[in-house]
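Contents: one structure, followed by commentary.
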Amino acid sequence: MMRSEQQYIDLFTAHHEALSAHSVPAMNALREQAFEDFCRMGFPTQKVERYKYTDVAEAFAPDYGVNVRGLAFPVNPYQAFRCDVPNLSTSLYFVVNDRFYDDETVKRPSLPEGVIIDSLSRVARERPQLVEPYYGRLARSSKDAINALNTMLAQDGLFIYVPRNLAVPRPIQVVNILRADVPLMANRRTLVVLEEGAQLQLLICDHAMDDHAFLTTQVVETFVGENAHLECYELEETHSQNHRFSNTYVDLSACSTATLGSITLGCGLTRNRTDVTLSGENGEARLIGAVIADGEQHADNNTLIDHRAPNCQSTELYKYVLDGSAVGAFAGRVLVREGAQKTTSQETNANLCATRTARMYTQPMLEIYADDVKCSHGSTVGQLNDAALFYMRQRGVPEDEARLLLKFAFVGEVIDSIHLPALRDRLHYLVEKRFRGELGRCAGCGDNMKCGGERQQ
Amino acid sequence: MLEIHDLHAGINGKEILKGIDLVVKEGEVHALMGHNGAGKSTLSNVIVGHPAYEVTQGSITWNGKDLLALKPEERAHEGIFLSFQQPVEIPGVSMVNFMRAALNAKRKYHGLEPLPAADFLKLMREKRKIVELDNKLANRSVNEGFSGGERKRNEIFQMAMLEPTLSILDETDSGLDVDALRVVAEGFNKLRTPQTSAIVITHYQRLLDYIRPDVVHVLIDGRIVKTAGPELAAEIEQRGFDWLKPEAGEDKTDHI
């Protein structure tokens with residue numbers, strides 16, 4: 001039997017010149033090394049701790065097309081896509097498959113002087129000094145096969161830069177669109193750099209425009225400078241034919257804060273890895289996540305919060321509602337290193353299995369090498385509360401509605417902790433629609449959008 | 001009118017009600033008294049359709065309809081309300097959303113449009129006053145962080161919102177201090193009309209000083225052993241229940 005890795009090795013061997021020719025030196029510089037790393041490691045088996053709950057090799061086994069020559073897909077997302085968040089005044093950007101979508105004709109609200117939101121490869125070509133010090137520094141290809149594969153194959157993506165002491169006044173919304181006429185693999189790369197004292201609110205949405213099978217690797221590297229503040233929410237609303245492997249790395253300097261939200265409303269197989277390093281004193285990391293899955297959907301969140309410096313805080317709250325035969329996994333490791341005194345950390349994972357066939361794996365982990373810390377971790381898996389259900393029915397709330405209200409309330413705790421009021425309202429709306437099975441297409445999308453196709457019920 | 005005939009019911013295969021006959025007519029208040037474990041709460045749970053309880057024999061009709069064929073929510077729409085002995089907390093579900101869902105489901109059942117939001121909030125405000133329920137409580141999650149007294153008050157508030165025609169108060173007096181008891185009982189009395197009836201389950205005379213029953217029943221070991229006027233409650237307050245036990249009853253009554 002051919003190993004899943006082989007086709008990627010063959011692909012790279014045959015096309016590495018084309019891959020490099022349609023990319024830029026800063027990205028090409030790491031390509032060969034990543035290839036070596038990938039050949040050496042191969043895909044992780046489920047014996048590898050951090051990949052225990054997702055079969056990577058199986059997901060990568062099918063034959064997907066890869067757009068090595070950087071051909072543009074005929075799509076105008078600005079016309080096709082109207083999935084806005086009402087009352088949230090954002091600047092909207094698109095990444096189609098794995099390329100930043102450029103449209104000179106679109107007028108966006110102007111950004112403060114020095115703020116860059118652009119194609120990663122273009123910035124790397126024109127101003128390599130902004131990219132080279134950061135690219136590949138957090139997402140080491142030697143450490144993770146998805147990093148290696150992505151670094152081998154990625155040619156473009158998104159670059160966001162906020163200079164010193166500047167606050168981007170309105171949230172930035174980036175929509176990742178998957179668009180293809182054949183099964184497609186996309187390798188997306190994102191680099192976010194916040195200089196000292198910078199502030200940014202970022203909303204990233206994942207959509208699939210066609211019913212084809214998609215496989216995406218995504219690597220996001222985020223540098224949060226001293227005293228800088230980042231809020232970043234990722235929302236996935238794709239369909240059951242989508243396979244997503246996302247690795248997000250965030251480095252927090254002293255006195256900086258980051259809120260990282262991950263909401264999975266629709267997916268096929270999703271595996272999100274989030275590694276946060278608190279490398280300077282007085283940093284604060286807040287991770288929130290919600291997963292709603294049914295049918296055969298599979299959602300795996302794997303997080304690491306690495307306390308390297310003293311006096312930092314971290315909180316983490318992930319909640320899952322699983323219906324049908326969905327599989328959920330949460331593994332969250334909090335590591336408090338020697339010397340990271342006065343760390344406070346709180347980790348919670350709560351899950352609801354609404355059917356007997358839904359499965360949840362949960363693994364909160366706390367590892368402490370300092371002696372003056374305040375840390376807690378815990379997880380629960382349960383069913384809907386029968387007493388509450390009956391109480392509501394006695395008052396006349398129909399059973400289905402009562403179930404919905406309870407699920408909605410359960411996830412509500414996560415949504416309510418989002419700081420952007422307009423996004424919070426929008427998510428409440430989307431979550432309710434999702435539970436009602438009415439999110440066949442994401443509301444407000446143009447007719448071309450086929451987000452969240454096959455759903456149970 | 002509620003008619004219960006030869007009702008046998010239990011839970012987990014254990015028979016608790018062993019042949020109940022009870023008729024509650026429009027406008028009447030019936031008190032149901034008895035020891036712990038006599039079957040009072042089982043009876044109320046069976047009337048409202050708790051899925052854990054199984055009816056093995058007998059019938060319950062409500063205004064001529066076969067109540068046992070209806071789902072709990074349909075029984076609620078038909079006007080049956082249970083004030084729970086231990087109202088459950090529902091974190092994350094606000095009282096407002098909960099009541100809106102309940103009220104509009106009832107309206108839908110009766111072929112009415114949902115109540116416009118402004119009218120609904122006005123109704124909430126009006127009904128809150130009946131039991132002096134603080135606005136803060138009405139804006140919180142259902143029963144979350146409510147004291148025992150606040151929960152019972154909240155039950156009567158919900159009764160006011162839903163305007164049932166048969167209310168069952170299951171030990172509404174338990175865990176209440178005298179002031180709270182008065183507020184809850186007065187709230188209940190304000191909601192009474194000649195068309196509404198009630199079953200009041202209690203251990204004590206105390207609640208019945210506020211809510212005057214027309215009929216008092218004593219339930220022992222799954223059967224109604226005595227039915228009389230309000231004076232029976234006072235007698236029980238003095239003498240307890242034991243003299244009413246069937247085997248004891250025979251020789252004791254001889255001496256009275």
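Below are the figures for this structure:
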quantity	calculated
Criterion violated by A:THR380 - all others in (1) under 25 Å from A:ASP275 (Cβ atoms); (2) in contact with a Lys or Arg (Cβ under 8 Å, 6 or more places away or on another chain); (3) within 14 Å of chain B (Cβ to nearest Cβ) satisfied	(2)
Candidates A:VAL327, A:VAL397, A:VAL321, A:VAL414, filtered to the one that is within 11 Å of chain B (Cβ to nearest Cβ) and under 16 Å from A:LEU265 (Cα atoms)	A:VAL414
Elements of type helices (runs of 4 or more DSSP H) in region B:29-119, at least 1 residues being under 24 Å from B:HIS8 (Cβ atoms)	B:40-48, B:72-77
Test: B:VAL96 is surrounded by fewer than 22 Cβ atoms within 10 Å (Cβ to Cβ), β-branched (Val, Ile, Thr), modelled with pLDDT under 95 and closer than 16 Å to A:VAL397 by Cα	yes
From B:ILE80, B:ILE130, B:ILE90, B:ILE168, residue being buried (at least 18 other Cβ atoms within 10 Å of the Cβ) and more than 23 Å from B:GLY49 (Cα to Cα)	B:ILE130
Residue list for region A:101-128, filter: of a type outside the set (A, V, I, L, M) and modelled with pLDDT of 90 or more	A:PRO112, A:GLU113, A:GLY114, A:ASP118, A:SER119, A:SER121, A:ARG122, A:ARG125, A:GLU126, A:ARG127, A:PRO128
For A:PHE43: the one exception among (1) in contact (Cβ under 8 Å) with a residue 24 or more places away in the chain; (2) over 13 Å from A:ALA57 (Cα atoms); (3) buried (at least 16 other Cβ atoms within 10 Å of the Cβ)	(2)
Options B:PRO72, B:PRO91, B:PRO87; residue that is closer than 16 Å to B:ILE11 by Cβ, touching a helix residue (DSSP H, G or I) at 6+ places or on another chain (Cβ under 8 Å) and facing chain A (nearest Cβ under 10 Å)	B:PRO72
Selected residue (only one of B:VAL178, B:VAL184 is out of contact with any helix residue (DSSP H, G or I) (no Cβ under 7 Å at 6 or more places or on another chain) and away from every other protein chain (no Cβ under 13 Å))	B:VAL178
Evaluation of A:ARG137 against (1) closer than 23 Å to A:HIS16 by Cα; (2) modelled with pLDDT of 95 or more; (3) of a type outside the set (S, T, N, Q); (4) buried (at least 24 other Cβ atoms within 10 Å of the Cβ) (one fails), failing number	(4)
Matching residues, region A:38-58, being under 12 Å from A:GLU5 (Cβ atoms), not aromatic (Phe, Trp, Tyr) and not in a loop (DSSP other than H, G, I, E, B)	A:CYS39, A:ARG40, A:MET41, A:VAL56, A:ALA57
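Yes/no per residue for (1) in a loop (DSSP other than H, G, I, E, B); (2) closer than 28 Å to A:SER253 by Cα; (3) among the charged types (D, E, K, R):
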residue: A:ASP103; (1), (2), (3): yes, no, yes
residue: A:ARG122; (1), (2), (3): no, yes, yes
residue: A:ARG125; (1), (2), (3): no, yes, yes
residue: A:LEU138; (1), (2), (3): yes, yes, no
residue: A:TYR161; (1), (2), (3): no, yes, no
residue: A:ARG188; (1), (2), (3): no, yes, yes
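The values are calculated or read from the model by the stated rules, or taken from the named source; none is laboratory data. Predicted, not measured: the structure shown is a model, and the values here were computed from it. Positions of Cβ are generated from backbone atoms using ideal geometry, with glycine treated the same way; all protein chains shown enter the neighbour counts.
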